[in-house]
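Before any comments, here is the structure.
The values are calculated or read from the model by the stated rules, or taken from the named source; none is laboratory data. The structure presented is a predicted model; accordingly, all values stated were derived computationally and were not measured. Neighbour counts are summed over all protein chains in view; Cβ atoms, including those assigned to glycine, are modelled from backbone coordinates with ideal geometry.
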Amino acid sequence: MRTPRSTPGPILIAGPTASGKSGLALALAERLGGTVINADSMQVYRELAILTARPSPEDEARAPHALYGCVSGAEAYSAGRYAADAARAIAEASAQGRVPIVVGGTGLYFKVLLEGLSPIPAADPEVRAFWRAEGARRPAVELHALLGARDPEMAGRLMPTDRQRIVRALEVLESTGRSLADWQREPGTPVLAEARTTRLLVLPERQAQAAAIEARFDAMLAEGALEEVQGLLACAFSTELPIMRALGVAPLAAHLGGALALDEAARIAKADTRKYAKRQLTWLRRNIISWKIIDTQYMESISRGNLSFIDS
């Protein structure tokens, strides 16, 4: 039910995985008359609903949701595409008199919303085709060495195994004569004016989050995560695509292939998720320093109807 207060501007909720941020977004959407808009790079893929902890049909019935399960795993969804899709979803929610509530753990997506993307020109089609072909036939570490010889600054930013971004850096360098790192220093156009937003950073208590990760993965298995991965493998997507790097896919695929017992696959998936959550927290604390921190106590206060953060 909408409260008597004036309708707030967009609310952004960032936080690591299994922090309770999605539940907070849904509660606010119900209370304020909002639309929940995804800012998680894996929840956009339609083939992985369970393993990416996408909102359930019951959650989606409680409030409108946008940008969940909207892309085929056969595609490599980009930050640039997200900026356009999120801008459209935010505008549609606002036009309907609803509060846009953007929630997720992909820090880059929030950066794109508030800072915009650098104006990198499109790569020459022939250059792109060449490097995509090279990317398909050469090992990622070899491509990284090529990049390092031509553009050491950009190579230093990328993992030697990150084939997709390495290829992108090579095609931009050859198409424009400038390093991708140089292009990225140029300012972009924000999707949202930061001053008109309410920005919340959910920081869970460490032990509680670890327990939540354990319990959530067990629940995923009970809900059919293994069968979901089996269906994903049947799609025969390239292993280089982002969806194939979703948390839990590799160990469950190894179990399905007979290489791991299920309990060992689950143990690895949980450990990987804890490591990922730690990396998320590190990024968020370094890059989102002016957002209002929402801890467990504050979350409970919000659930009791305290919405003072909107005016603060």
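Structure notes:
- Residue match in segment 261-282 (condition: outside any loop (DSSP other than H, G, I, E, B), touching a residue at least 24 places away in the same chain (Cβ under 8 Å), in contact with a Gly (Cβ under 7 Å, 6 or more places away or on another chain) and under 23 Å from residue 13 (Cβ atoms)): yes
Rundown of residues vs (1) assigned to a loop (DSSP other than H, G, I, E, B); (2) under 21 Å from residue 106 (Cα atoms); (3) not aliphatic (A, V, I, L, M), yes/no style:
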residue: 207; (1), (2), (3): no, no, yes
residue: 210; (1), (2), (3): no, yes, no
residue: 216; (1), (2), (3): no, yes, yes
residue: 226; (1), (2), (3): no, no, no
residue: 229; (1), (2), (3): no, no, no
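- Assessment of segment 289-296 against the conditions (outside any loop (DSSP other than H, G, I, E, B), crowded, with 17+ Cβ neighbours inside 10 Å and either at pLDDT 90 or above or not charged (D, E, K, R) (or both)) yields at least one matching residue.
- Just one of (1) in contact with a Pro (Cβ under 7 Å, 6 or more places away or on another chain); (2) within 28 Å of residue 278 (Cβ to Cβ); (3) hydroxyl-bearing (Ser, Thr, Tyr) fails for residue 94. It is (2).
- Qualifying residue in segment 159-181 (condition: among the hydrophobic types (A, V, I, L, M, F, W, C), within 28 Å of residue 267 (Cα to Cα) and modelled with pLDDT under 95): yes
- Boolean, residue 252 is at pLDDT 90 or above, in a helix (DSSP H, G or I) and within 30 Å of residue 26 (Cα to Cα): yes
- Some residue of segment 118-139 being part of a strand (DSSP E or B) and either in the same structural domain as residue 247 (by TED's automatic domain parsing) or free of Cβ contacts under 8 Å to residues at least 40 places away in the same chain (or both): no
- Of all residues in segment 18-33, those that are free of Cβ contacts under 8 Å to residues at least 60 places away in the same chain have Cβ atoms under 7 Å from Cβ atoms of residues that are surrounded by 18 or more Cβ atoms within 10 Å (Cβ to Cβ), 6 or more apart or on another chain, in 26/36; 26/63; 30/63.
- Looking only at segment 39-65, and only at residues there that are farther than 23 Å from residue 221 by Cα and either buried (at least 20 other Cβ atoms within 10 Å of the Cβ) or in contact (Cβ under 8 Å) with a residue 60 or more places away in the chain (or both), the one that is farthest from the chain's Cα centre (by Cα): 63
- Comparison of 203, 241, 233, 226 shows that the only residue that is in the same structural domain as residue 302 (by TED's automatic domain parsing), surrounded by 14 or more Cβ atoms within 10 Å (Cβ to Cβ), over 23 Å from residue 288 (Cβ atoms) and modelled with pLDDT under 95 is 241.
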